[in-house]
Amino acid sequence: MSPIVSNDQREQYLHDRRGQIIEAAMQVFVNKGFSGANVSEIANLAGIAKGTIYLYFDSKEQIFSAILNERSFVPRLADLLIEDQPIELTLRNIAATFLRFLDESLPLIKMVMADGIRFPMCAE
């Protein structure tokens, strides 16, 4: 049963719950691969009912795509492109940010290396 939250807190609650599902899914995908993972395991690890996942995502494929689209390095790249900044500084910032991303994102990298090929539409 989900907790009762005020309208003011509802958006944050939904955002947090979605993030909880994504975090659990990443762990399951890293440990079992995309093919070996199932929604029940993701729900169990997230501490929620299986049906709750379907309020946020239509399928396991959609969860995987969300991870690729939201947790990869690409969304961070736009923040590093600053108009009227010298190209050398921009490239240094991109490189430094990418190195930090690699250091912080080993599970995501493993997941993408193992199963990312199944989702070519996310690489566009």
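The values are calculated or read from the model by the stated rules, or taken from the named source; none is laboratory data. The shown structure was predicted, so the numbers you read here are calculated from the model rather than taken from an experiment. So basically every Cβ, Gly included, is an ideal-geometry build from the backbone, and we count neighbours across all protein chains shown.
Taking the criterion of being aromatic (Phe, Trp, Tyr) and either in contact (Cβ under 8 Å) with a residue 40 or more places away in the chain or closer than 14 Å to residue 110 by Cβ (or both), the residues of region 23-55 that qualify are 29, 34. Return yes when residue 33 is at positive phi, modelled with pLDDT of 85 or more and not in a loop (DSSP other than H, G, I, E, B) and no when it is not. For residue 33, the condition - at positive phi, modelled with pLDDT of 85 or more and not in a loop (DSSP other than H, G, I, E, B) - is met. Does residue 41 satisfy being crowded, with 17+ Cβ neighbours inside 10 Å and of a type outside the set (A, V, I, L, M, F, W, C)? Considered against the rule, which asks whether it is crowded, with 17+ Cβ neighbours inside 10 Å and of a type outside the set (A, V, I, L, M, F, W, C), residue 41 comes out as yes. The criterion of being at pLDDT below 90, among the aliphatic types (A, V, I, L, M) and either over 18 Å from the mean Cα position of the chain (by Cα) or surrounded by 18 or more Cβ atoms within 10 Å (Cβ to Cβ) (or both) holds for residue 4.
Screening residue 48 against (1) part of a loop (DSSP other than H, G, I, E, B); (2) in contact with a Ser or Thr (Cβ under 7 Å, 6 or more places away or on another chain) leaves a single unmet condition, (2).
Applying the selection to region 14-38, what residues are small (Gly, Ala, Ser) and buried (at least 19 other Cβ atoms within 10 Å of the Cβ)? Show your work before the answer.
Just the residues of region 14-38 that are small (Gly, Ala, Ser), to begin with: 19, 24-25, 33, 35-37.
Scanning region 14-38 gives 24, 25, 37.
Here's the yes/no breakdown for (1) over 15 Å from residue 18 (Cβ atoms); (2) surrounded by fewer than 17 Cβ atoms within 10 Å (Cβ to Cβ); (3) touching a Pro at 6+ places or on another chain (Cβ under 8 Å); (4) among the charged types (D, E, K, R):
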| residue | (1), (2), (3), (4) |
| --- | --- |
| 54 | no, yes, no, no |
| 58 | no, yes, no, yes |
| 63 | no, no, no, no |
| 101 | yes, yes, no, no |
| 104 | yes, yes, no, yes |
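Within region 63-72, not a single residue is farther than 23 Å from residue 115 by Cα and at pLDDT 90 or above.
Can you spot a residue in region 15-27 that is outside any helix (DSSP H, G or I), of a type in the set (A, V, I, L, M) and at pLDDT below 95? I'd like the intermediate steps shown before the answer.
Going residue by residue through region 15-27, those that are outside any helix (DSSP H, G or I) are none.
There is no residue in region 15-27 that is outside any helix (DSSP H, G or I), of a type in the set (A, V, I, L, M) and at pLDDT below 95.
Going by what's in this entry, would residue 42 be described as closer than 26 Å to residue 13 by Cα and part of a helix (DSSP H, G or I)? Taking the combined requirement at face value, the residue satisfies it.
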